[in-house]
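The values are calculated or read from the model by the stated rules, or taken from the named source; none is laboratory data. Computed from a predicted structure; not experimentally measured. Here the Cβ is made from the backbone with ideal geometry for all residues, glycine too, and neighbour counts use every protein chain on show.
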């Protein structure tokens, strides 16, 4: 296995993301040999930490990975800390001296990866100072990894992108969306392009509708201050959902490379119709949760959560129908649904196939047998919390009469397989090290996603919503069910029914 010689510089090294995701991911890469002797990590933030304290924090962050103390100490010895005010140019002079000394000490060949794990409001000044201090003038590669949100609308995203690309070329910018690192998101391409059974039917001749669900059972928790300025549309639809949509809808790439896949994803997003205000009102539903109860748990309403305005009009739920104007998908509604304080946590995709042209089984040979509509064939891709896929078919019910019954062919990854598979951040950091941008978002994707979402946001901002309009523990407002029903369909995933049948909701 080839070793990666590299200097990581993590801006926001004392934050929750670094502690929960970045340090454990780097340790897994170290344990697997992707990082060995020739790497170093500089952590920067405002707090006055010593190298020793920083290393103890790193060691604590990987305490549940069952590593012996000697291995942990050896790994942590590669970490260095510098207290840093990102707006003070003098601090970058010190940062450059430390970077150059570590480059020489660990023989890093001038390879540098900068990870901006902090507020996007600082991204511009950081990259400007990196360039001013010539920290990107070394002989190796220079890459920057950027966390979402990438702007708050197209205008702010464009300004941010201009600032970043003044220092880094587009090919050096890695906009991270951790959903793209999930195993079953990457499996979308394998299921589709690796099976003629599906690829030959992946079009409007055979598919009735597509449903994308990203449901959260939790409320805003301690993110009320951030969330109340963002909302579900910007927090989930603009990035995660539209990225999943582009993978589902894109044309087969000429080759399985980052350039070819990116080109097809951009084409797919460009085919998504940007709605007029009238279409937004017809096809998109927003909601905000009120107090509710599920089983023995009672939940506060959104407006009662910490750091949320008492009269907040921020949406915690979005359901909608996207229209795709191209030859493959014309006439196929793409339904999306996401929200907080829903019945269950789950991310899943349902591909609903059209009914057979003639239902031979709608009337049984026995006259007293009731007529029954054949259920749809449904391909379900489970992304979290379980991973796998299922296919619902129609078979004969056991017995003397010829009645059909749904049969589910179901495959889920075992708990052991899931446990041992690379975590999303681990996979994405390794991709960035290898210069593979397949699972990162290109600027053209980001820009088009904002154009789509901005049209919805602008329409909503001109109207006052009737909030709250769904109870915590349910799957959203009634209008979200009517949206699908008026097209003659229904949501395939309805977890609330189980609780309603038992009077638990």
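Of everything listed in (1) surrounded by fewer than 17 Cβ atoms within 10 Å (Cβ to Cβ); (2) out of contact with any helix residue (DSSP H, G or I) (no Cβ under 9 Å at 6 or more places or on another chain); (3) at pLDDT 95 or above, the single unmet condition for residue 158 is (2). Residues that are within 22 Å of residue 435 (Cβ to Cβ) and surrounded by 20 or more Cβ atoms within 10 Å (Cβ to Cβ) within the range 251-276 comprise 261, 262, 265, listed in sequence order. Is it the case, given these coordinates, that residue 11 is modelled with pLDDT of 95 or more, closer than 25 Å to residue 104 by Cβ, touching a helix residue (DSSP H, G or I) at 6+ places or on another chain (Cβ under 8 Å) and buried (at least 21 other Cβ atoms within 10 Å of the Cβ)? Answer is yes for this residue. Given the structure, is residue 164 in contact with a strand residue (DSSP E or B) (Cβ under 8 Å, 6 or more places away or on another chain), under 20 Å from residue 10 (Cβ atoms) and not assigned by TED's automatic domain parsing to the domain that holds residue 17? Yes: the conditions hold for residue 164.
Of the residues making up the range 135-174, those that are part of a loop (DSSP other than H, G, I, E, B) and within 22 Å of residue 423 (Cα to Cα) are 147, 148, 149.
Among the residues of the range 434-446, is there at least one that is surrounded by fewer than 21 Cβ atoms within 10 Å (Cβ to Cβ), touching a residue at least 60 places away in the same chain (Cβ under 8 Å) and either more than 19 Å from the chain's Cα centre (by Cα) or within 27 Å of residue 291 (Cβ to Cβ) (or both)? Yes, the conditions are met somewhere in the range 434-446. The numbered conditions (1) in a helix (DSSP H, G or I); (2) touching a residue at least 40 places away in the same chain (Cβ under 8 Å) are all true for residue 226 except (2). Every test in (1) out of contact with any helix residue (DSSP H, G or I) (no Cβ under 6 Å at 6 or more places or on another chain); (2) modelled with pLDDT of 95 or more is passed by residue 145 save one, and that test is (1).
Rundown of residues vs (1) farther than 21 Å from residue 40 by Cα; (2) in contact with a strand residue (DSSP E or B) (Cβ under 6 Å, 6 or more places away or on another chain); (3) free of Cβ contacts under 8 Å to residues at least 60 places away in the same chain, yes/no style:
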site: 114; (1), (2), (3): no, yes, no
site: 121; (1), (2), (3): yes, no, yes
site: 125; (1), (2), (3): yes, no, yes
site: 128; (1), (2), (3): yes, no, yes
site: 136; (1), (2), (3): no, yes, yes
site: 140; (1), (2), (3): no, no, no
site: 150; (1), (2), (3): yes, yes, no
site: 179; (1), (2), (3): yes, no, no
site: 184; (1), (2), (3): yes, yes, no
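Does the range 277-299 hold any residues that are surrounded by fewer than 18 Cβ atoms within 10 Å (Cβ to Cβ) and over 23 Å from residue 484 (Cα atoms), and which are they? 291, 293, 295, 296, 297, 298 - these are the residues of the range 277-299 that are surrounded by fewer than 18 Cβ atoms within 10 Å (Cβ to Cβ) and over 23 Å from residue 484 (Cα atoms). The number of residues in the range 457-482 that are outside any loop (DSSP other than H, G, I, E, B) and buried (at least 23 other Cβ atoms within 10 Å of the Cβ) comes to 2.
Being under 22 Å from residue 114 (Cβ atoms), crowded, with 22+ Cβ neighbours inside 10 Å and touching a helix residue (DSSP H, G or I) at 6+ places or on another chain (Cβ under 6 Å) is true of residue 58.
Summed over the range 187-200, residues that are out of contact with any helix residue (DSSP H, G or I) (no Cβ under 8 Å at 6 or more places or on another chain) and buried (at least 17 other Cβ atoms within 10 Å of the Cβ) total 1. Just checking, does the range 175-186 include any residue being part of a helix (DSSP H, G or I) and surrounded by fewer than 17 Cβ atoms within 10 Å (Cβ to Cβ)? Taking every residue of the range 175-186 in turn, at least one turns out to be part of a helix (DSSP H, G or I) and surrounded by fewer than 17 Cβ atoms within 10 Å (Cβ to Cβ). The conditions of being at pLDDT below 95 and buried (at least 18 other Cβ atoms within 10 Å of the Cβ) are not met by residue 78.
Within the range 403-432, the set of residues being surrounded by 12 or more Cβ atoms within 10 Å (Cβ to Cβ), outside any helix (DSSP H, G or I) and modelled with pLDDT of 75 or more comprises 403, 404, 405, 406, 407, 410, 412, 413, 423.
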